[in-house]
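Colleague: This is the structure, below, for whatever I ask next.
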């Protein structure tokens, strides 16, 4: 009985062991290294995920920095009652909105009248309000020009260039730290120095665009009302007469100077040449005929008286 039980246990054990062996082989095979196709699929998936993340970051960055950058400029010629008073009023107005007068020049006429030219820098968001305020100050607007330039694309390109240059500089620094000989260090250092110069130039251009877009430029010419009015009495226009007199004077001087040029270049050389020829001809005649002395004729002797 015991032998039958032992035999039965042995058979069961063999069956269990035989069934377990394929399962272990399957388990081992399932945990083995995946084939190359699976590696490629994994790499492509990882690359797609990375690209998607980078694309998302780029899109987010573009959405944040794509705000329009417009550079506004304007030129105005205003007729005002008093140019000095208008200059003070404009300066106070511009400083009150956070701007400043970057340049000013003036020309004083007889009677103390001055024509003044101002270059104003005002915040871009106050550009239209400033233009309207200047119109309101003037008795007359004789000339007005407004211009704008979109520098958004240039600024975005500069940002991309700056990021690329900074990444290049960082990599060059790593290479310089890893370089083992002096020649390699110097070569990397030279490239690094040039890259840093380009970085500073790019940053300078970006700062210039930022300032230009942040502050609009307005050039204003202020002319006193008394100076802008022509003098005219019963149809008599002194200004026109003065202009005609100056034109006539210029024409006279042109004629005289032109005649003097003709005389110096043409007449005088011709006269000198003719005079020289006549002088030489006279000397020649004198030499030829002056050497012959006329022999005086002896008067006949009268016959002697017989």
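Colleague: Confirm whether residue 163 is free of Cβ contacts under 8 Å to residues at least 60 places away in the same chain, under 19 Å from residue 80 (Cβ atoms) and surrounded by fewer than 16 Cβ atoms within 10 Å (Cβ to Cβ).
Modeller: no
Colleague: Which number in (1) exposed (fewer than 12 other Cβ atoms within 10 Å of the Cβ); (2) under 24 Å from the mean Cα position of the chain (by Cα) marks the one condition that residue 111 misses?
Modeller: Of everything listed in (1) exposed (fewer than 12 other Cβ atoms within 10 Å of the Cβ); (2) under 24 Å from the mean Cα position of the chain (by Cα), residue 111 misses just condition (2).
Colleague: Further question: Of the residues 187, 234, 167, which is at pLDDT below 85 and farther than 29 Å from residue 106 by Cα?
Modeller: Going through 187, 234, 167 in turn, just one is at pLDDT below 85 and farther than 29 Å from residue 106 by Cα: 234.
Colleague: Looking at 132, 143, 194, 201 in this structure, which one is part of a helix (DSSP H, G or I), modelled with pLDDT of 90 or more and under 30 Å from residue 220 (Cβ atoms)?
Modeller: Going through 132, 143, 194, 201 in turn, just one is part of a helix (DSSP H, G or I), modelled with pLDDT of 90 or more and under 30 Å from residue 220 (Cβ atoms): 132.
Colleague: Quick check: anything in segment 48-55 in a helix (DSSP H, G or I), on the phi < 0 side of the Ramachandran plot and at pLDDT 50 or above?
Modeller: Checked segment 48-55: no residue is in a helix (DSSP H, G or I), on the phi < 0 side of the Ramachandran plot and at pLDDT 50 or above.
Colleague: Of the residues that sit in segment 286-295 and are assigned to a helix (DSSP H, G or I) and loosely packed, with under 10 Cβ neighbours inside 10 Å, which one is modelled with the lowest pLDDT?
Modeller: Residue satisfying both the conditions and the ranking: 290.
Colleague: Moving to a separate point now. Just to be sure before I move on: is residue 162 closer than 22 Å to residue 70 by Cα and touching a helix residue (DSSP H, G or I) at 6+ places or on another chain (Cβ under 9 Å) in the structure I sent?
Modeller: Spelling it out, residue 162 is indeed closer than 22 Å to residue 70 by Cα and touching a helix residue (DSSP H, G or I) at 6+ places or on another chain (Cβ under 9 Å).
Colleague: Still on this structure: Going through segment 72-128 one residue at a time, which ones are in a loop (DSSP other than H, G, I, E, B) and either farther than 16 Å from residue 141 by Cβ or outside the structural domain of residue 141 (by TED's automatic domain parsing) (or both)?
Modeller: Within segment 72-128, 82, 97, 98, 99, 109, 110, 111, 112, 113 qualify.
The values are calculated or read from the model by the stated rules, or taken from the named source; none is laboratory data. Since this is a predicted model, take the numbers as computed values, not measurements. Quick reminder, even Gly has a Cβ in these numbers, built from the backbone with ideal geometry, and neighbours come from all protein chains shown.
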